[in-house]
1. Got a sec? How would 19, 147, 161, 186 order by Cβ neighbour count within 10 Å, fewest to most?
2. For region 1-48, what's the relative contact order in percent, using C-alpha pairs closer than 8 Å and at least 6 residues apart?
3. Pull out a ≥ b ≥ c, the square roots of the eigenvalues of the alpha-carbon gyration tensor of region 39-79, then state rounded if a/c is under 1.5, prolate if not and a/b is larger than b/c, and oblate in the remaining case.
4. Nearest 10 degrees, 0 to 90: what angle lies between the long axis of helix 50-73 and the longest principal axis of the chain (Cα atoms)?
5. If you take the Cα atoms of region 54-191, find Rg, then find the Kirkwood Rh from the mean of 1/r over all pairs, what is Rg/Rh?
6. Using the number of other C-beta atoms within 10 angstrom as an exposure proxy, rank 132, 107 with the fewest first.
7. Could you give the Stokes-Einstein D for region 1-48 in µm² per second, using the C-alpha Kirkwood radius, 10 °C, 1.306 mPa s?
């Protein structure tokens with residue numbers, strides 16, 4: 001039995017396990033409750049619908065990747081492109097990062113369900129919106145940063161559906177190129193956007 005305060009985490013962990021093992025199509029509230037070792041009523045106290053549960057699971061996976069990005073960023077120089085580079089490293093799905101690989105595969109299973117119900121991906125869309133606001137606030141070109149992110153996400157997608165033509169050595173070179181392009185996304189200082197809420201001429 002899990003302590004009461006840990007019920008929610010136990011439910012989300014059970015949901016992740018089911019998605020990883022049998023796919024999101026087999027994710028039912030009854031199956032999750034059984035796997036978590038709680039009653040269905042206990043599960044409904046935290047998540048009243050399957051949609052709420054899948055959205056929470058997606059959000060949890062996104063937060064896990066964000067935590068990995070923060071860890072990766074700790075070893076990077078403090079430059080405007082630091083956050084973007086950390087994102088690339090956190091999404092580098094290789095055998096060196098088994099937890100990231102697990103999370104990305106979980107994403108694949110959940111997004112398959114979101115393809116049938118776009119509202120399921122709402123939390124993930126909000127995470128991306130916040131991420132790009134952070135990048136532009138740091139002085140990066142939104143368009144150039146988007147190209148780098150899309151290339152990285154596409155590379156991950158190829159891995160997840162097992163159609164990537166790239167070996168490990170080639171992947172390393174691609175990652176190095178993306179990291180270089182991340183530096184190239186930094187806008188000249190005079191073109192960098194001011195952080196939101198900063199008044200022009202403040203402090204003058």
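Values quoted throughout were computed directly from the atomic coordinates according to the rules given, and no laboratory measurement underlies them. Bear in mind that the values here come from a model prediction, so they are computed numbers and not experimental data. Cβ sites come from the backbone with ideal geometry, for glycine too, and all protein chains shown count toward neighbours.
1. Numbers: 19 25, 147 15, 161 9, 186 19.
In increasing order of surrounding Cβ atoms, one gets 161, 147, 186, 19.
2. Numbers: 32 pairs, mean separation 17.0, N = 48.
Result for region 1-48 is 35 percent.
3. On the way: a/c = 6.27, a/b = 3.96, b/c = 1.59.
Judged from the Cα gyration tensor, region 39-79 comes out prolate (a/c at least 1.5, a/b above b/c).
4. Approximately 40 degrees, to the nearest ten.
5. Numbers: Rg = 14.9 Å, Rh = 15.5 Å.
The Rg/Rh ratio comes out at 0.96.
6. Working: 132 15, 107 21.
So the residues, fewest neighbours to most, are 132, 107.
7. Numbers: Rh = 10.5 Å.
Roughly 152 µm²/s, to the nearest whole number.
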